[in-house]
Amino acid sequence: MSKRNWLMKSEPHEFSIDALAKVGKEPWSGVRNYQARNFMRDDMQPGDGVLFYHSNCAEPGVVGVAEIAGLARSDPTQFDPRSDYHDPGSKPDQPRWLLVDVGFKRKLKRTITLAELKAAPELADFALVQRGNRLSVLPVSPAQWKFILGLEKR
DNA sequence: GCCAACGTTGGC
DNA sequence: GCCAACGTTGGC
């Protein structure tokens, strides 16, 4: 399978780009949306590029570049009754939820804000800027990837 | 299978 | 904190 690119959202007060820089690699636990899970399970490959996005904060936007560091595997938090992500309906021999490991590549020189992304005609088809989109994991085309990172130098 | 109620996401 | 938009749940 050829290399693809993704955007993954994280709330910076939960897990920021600086936190990823510090640990180097993070198991992306807690995804509880089937569409996002299917992207991880069916389409993600080690080495795929990731735009790291800060959501639910003062300045939402792309703040870093990361990469997929492993194939999808069972998310252990679904079996932990003390976890916010516990899912009593999921069976260990047939886990409902998966995670991938995400590796730090670099922090951007500046935040590429959601406002900028929304203002760019080049990104009209980008899922992130479309109305009502709440997916926390979404695909980025090669053209979108190049355009978004091109904004960093402006 | 329909759909109202409810919970969550996430920008503002 | 507000609320629009969306996904999920569960009664029927």
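For this structure, a couple of remarks:
- Computed over chain A, relative contact order equals 30 percent, with contacts defined as Cα pairs under 8 Å that lie 6+ residues apart.
- Cα pair distances of chain A binned at 5 Å [whole percent]: 2, 9, 18, 22, 21, 15, 7, 3, 1, 0
- Computed over the stretch A:28-107: relative contact order in percent, which uses C-alpha pairs under 8 Å that are six or more apart: 37 percent
- For A:THR111, no residue whose modelled amide H falls within less than 5 Å of its own remains once neighbours fewer than 5 places apart on the same chain are excluded.
- Under a model in which nothing but the beta-carbon of Lys, Arg (+1) and Asp, Glu (-1) is charged, the stretch A:45-125 shows a dipole of about 280 debye around its Cα centre.
- Taking the stretch A:69-117 and dividing mean pair separation by its residue count, relative contact order in percent (alpha carbons under 8 Å, at least six apart): 39 percent
- 5 angstrom amide H check on A:VAL102, placed H, neighbours 5+ away: A:GLU26, A:TRP28, A:ALA69
- Centre-to-centre, using Cα atoms only, the stretch A:27-84 and the stretch A:115-149 are separated by 17 Å.
- Lys-Lys pairs in chain A that are eight or more residues apart or on separate chains and whose Cα atoms lie under 12 Å of each other come to 4.
- The residues neighbouring A:GLY61, those whose beta-carbon lies less than 12 Å from its own, together hold a net charge of 0 under the Lys/Arg +1, Asp/Glu -1 convention.
- Accessible surface calculations at 1.4 Å, restricted to protein heavy atoms, place the stretch A:5-153 at 53 Å² per residue.
- Two-decimal Rg to Rh for the stretch A:1-46 - Kirkwood Rh, Cα set: 0.99
- What the phi angles of the stretch A:138-154 give under the Karplus curve with 6.51, -1.76 and 1.60, with θ = phi - 60°, is a coupling list of 8, x, 10, 6, x, 5, 5, 4, 5, 5, 5, 5, x, 6, 4, 7, 7 Hz, glycine and proline written as x.
- Accessible-area composition of the stretch A:1-70, carbon plus sulfur, in percent [1.4 Å probe]: 44 percent
- 3J(HN,Hα) couplings calculated from phi for the stretch A:119-133 with the Karplus curve 6.51 cos²θ - 1.76 cosθ + 1.60 (θ = phi - 60°) are, in sequence order, 7, 8, x, 4, 10, 4, 8, 6, 4, 4, 9, 7, 3, x, 6 Hz; Gly and Pro show x.
- Per DSSP, loop trypsin sites (Lys or Arg not before Pro) in the stretch A:67-107 with at most 10 further Cβ within 10 Å: A:ARG82
The values are calculated or read from the model by the stated rules, or taken from the named source; none is laboratory data. A quick note: this is a predicted structure, and the numbers were derived from the prediction, not measured. Quick reminder, even Gly has a Cβ in these numbers, built from the backbone with ideal geometry, and neighbours come from all protein chains shown. Remember, those area values only see protein heavy atoms, side chains included, never the ligands or the DNA or RNA. Shrake-Rupley method; radii C 1.70, N 1.55, O 1.52, S 1.80 Å.
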